[in-house]
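Structure first, then comments.
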Amino acid sequence: MNWLYRHVVRPVLFTQPAESIHNRTMGALGWASRHPSVCSALHSLFGAPRLPVDLFGLNFPNPVGLAAGMDKHAEALPAWHSLGFGFSELGAVTWRAQPGNPPPRVFRAISDQAVINRMGFNNPGAEALALRLADWRASGRWPNHPVGINLGKSKITPLLKAAQDYADSFRLLRPYLDFFVVNVSSPNTPNLRQLQDKAALDEILAALQEVQKESARTPGSTPNSEPPTPAKPILVKVAPDLSFEALDEILELAGPRQIAGIVATNTTLTRPQRDHPALQRVYAEAGGLSGAPLRLRSTEVVRHLFRQTRGAVPIIGVGGIFNAVDAWEKITAGAALVQVYTGMVFEGPGIARAIVSGLAESLRRAGLKELRQAVGIGVA
Ligand SMILES: Cc1cc2nc3c(=O)[nH]c(=O)nc-3n(C[C@H](O)[C@H](O)[C@H](O)COP(=O)(O)O)c2cc1C
């Protein structure tokens, strides 16, 4: 199936602009998501074997998740489980609806298996997203795996008011989702990455903690009048371009601000040196680079975070994962879970199943029974 995608489907898809193929694919998966029989068919083709992981008080049927940015509108929520993913991260969503940057804003560097994007958090806003999530909940088609969301800052909100912006989205969406990821690492919202500074991030996390306390204090105050929900795991997503010192500062907040985990990493502003003019043209585009050239740096960040915390702060490893070998690299460097985005663009809808099957094989070869035993085993 993956061979068919790589050699027959992908060459045709890659003749069209990246964003229009993305939109058409999301439209098709959204349609599939509204038809349970189509989801069942997808599941028999692409569903993954079980390789369970328990983390954040949640049960993940397997450790391979959908990374943020693919399903910003929660358009195809049920489909991600059918395609074999063990969890999905929707969004990024911002408090205010916004169109993002003008197109074109996604570019493929095909021979490097990479993508550059400067989408700029195009999304329908937290309120519209909450309605969509309520619909999926009511439809009975909510996927059988943990679902989280990536929270971004609205472009028009000044940095000084960022904490309020994140907290407003969190308050509204909190009842619907299993975990939340504070995204202060996208390169495509002006100055957003400054929020990775310890003091700024501390303020955001304090505001989110306050929301968690509010809900515990005031039963029935949630937007859909549900009973108060228990504290939801809040993770922070970091940029691969941060120094180890800056990462350590973020880790200092883990205890005091109850950071449940770190997602490492977002896209990079760095570019590989290339002689080929076509690649040079793509790499001259502004935006964040994802895919194969990001793999090693994001693994380095995972390894550093694991070494510093000795596994006390769980890590979701993301960046350049295309197959089980790449996923195993992240896990043995310290990732408890992994995510893919660009890998799916290049490897197709069978990617989660292929990675999970390969990871099960790697575990057997290493003589281990559970995935958690492999986390960080490569870190000296
Ligand atoms: C088109 C596109 C849009 C993205 N949007 C988001 C986003 O909204 N929020 C976020 O945290 N990461 C976003 N990402 C980053 C991915 O979630 C992931 O961290 C990054 O691409 C590295 O993983 P990969 O090499 O598997 O793609 C986006 C990536 C791409 C390619």
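The values are calculated or read from the model by the stated rules, or taken from the named source; none is laboratory data. For clarity, every value in this text was computed on a predicted model and none was experimentally measured. Here the Cβ positions follow ideal geometry from the backbone for every residue, glycine too, while neighbour counts run over all protein chains shown.
General remarks:
- Residue match in the range 258-274 (condition: hydrophobic (A, V, I, L, M, F, W, C), within 30 Å of L131 (Cα to Cα), at pLDDT 95 or above and within 11 Å of the ligand (Cβ to nearest atom)): yes
- The criterion of being farther than 17 Å from G100 by Cβ, modelled with pLDDT of 95 or more and either assigned to a helix (DSSP H, G or I) or away from the ligand (no atom under 15 Å from the Cβ) (or both) holds for E210.
- Residue pairs meeting the criteria (Cβ under 8 Å; at least 6 apart or on separate chains; first in contact (Cβ under 8 Å) with a residue 24 or more places away in the chain and within 12 Å of G343 (Cβ to Cβ), in the range 313-333; second assigned to a loop (DSSP other than H, G, I, E, B) and polar (S, T, N, Q)): V318/T265; G319/T265; F322/Q113
- A380 being modelled with pLDDT of 95 or more and either crowded, with 24+ Cβ neighbours inside 10 Å or not charged (D, E, K, R) (or both): no
- So L247, is it modelled with pLDDT of 95 or more and touching a helix residue (DSSP H, G or I) at 6+ places or on another chain (Cβ under 9 Å): yes
- Cβ pairs under 6 Å, 6+ apart, first in the range 132-157 and among the hydroxyl-bearing types (S, T, Y), second within 16 Å of the ligand (Cβ to nearest atom): S154/T94; S154/W95; S154/R96; S154/D165; T157/D165
Rundown of residues vs (1) under 19 Å from A254 (Cα atoms); (2) at pLDDT 95 or above; (3) in contact with a Leu (Cβ under 9 Å, 6 or more places away or on another chain); (4) surrounded by 23 or more Cβ atoms within 10 Å (Cβ to Cβ), yes/no style:
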{"site": "R141", "(1), (2), (3), (4)": "no, yes, yes, no"}
{"site": "K153", "(1), (2), (3), (4)": "no, yes, yes, yes"}
{"site": "I156", "(1), (2), (3), (4)": "no, yes, no, no"}
{"site": "K161", "(1), (2), (3), (4)": "no, yes, no, no"}
{"site": "F170", "(1), (2), (3), (4)": "yes, yes, yes, yes"}
{"site": "P187", "(1), (2), (3), (4)": "no, no, yes, no"}
{"site": "Q194", "(1), (2), (3), (4)": "yes, no, yes, no"}
{"site": "D197", "(1), (2), (3), (4)": "yes, no, no, no"}
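- Counting the residues of the range 300-323 that are buried (at least 24 other Cβ atoms within 10 Å of the Cβ), under 19 Å from A380 (Cβ atoms) and of a type in the set (A, V, I, L, M) gives 4.
- Residues of the range 64-78 that are within 11 Å of the ligand (Cβ to nearest atom) and either assigned to a loop (DSSP other than H, G, I, E, B) or out of contact with any helix residue (DSSP H, G or I) (no Cβ under 6 Å at 6 or more places or on another chain) (or both): G65, A67, A68, G69, M70, D71, K72.
- Just so you know, in the range 38-56 the residues that are free of Cβ contacts under 8 Å to residues at least 24 places away in the same chain and among the small types (G, A, S) include one that is surrounded by the most Cβ atoms within 10 Å (Cβ to Cβ), and it is A41.
- If only residues of the range 331-346 that are out of contact with any strand residue (DSSP E or B) (no Cβ under 6 Å at 6 or more places or on another chain), among the aliphatic types (A, V, I, L, M) and surrounded by 24 or more Cβ atoms within 10 Å (Cβ to Cβ) are counted, the one that is nearest to L294 (Cα to Cα) is V340.
- Of all residues in the range 15-37 being within 15 Å of the ligand (Cβ to nearest atom), in contact (Cβ under 8 Å) with a residue 40 or more places away in the chain and of a type in the set (A, V, I, L, M, F, W, C), the one that is farthest from A114 (Cα to Cα): M26
- Against the list (1) in contact with a Ser or Thr (Cβ under 7 Å, 6 or more places away or on another chain); (2) more than 25 Å from F107 (Cβ to Cβ); (3) of a type in the set (F, W, Y), the condition F306 fails is (1).
To keep it simple, each residue is scored yes or no on (1) hydrophobic (A, V, I, L, M, F, W, C); (2) closer than 30 Å to V12 by Cα.
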position: P103; (1), (2): no, yes
position: F121; (1), (2): yes, yes
position: L151; (1), (2): yes, no
position: P158; (1), (2): no, no
position: A167; (1), (2): yes, no
position: R171; (1), (2): no, no
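- Of all residues in the range 226-254, those satisfying the criterion of being of a type in the set (G, A, S), more than 16 Å from the chain's Cα centre (by Cα) and under 23 Å from I331 (Cα atoms) are S243, A246, A254.
- Every listed requirement among (1) among the aromatic types (F, W, Y); (2) more than 27 Å from R372 (Cα to Cα); (3) away from the ligand (no atom under 13 Å from the Cβ) is met by F60 save one, (2).
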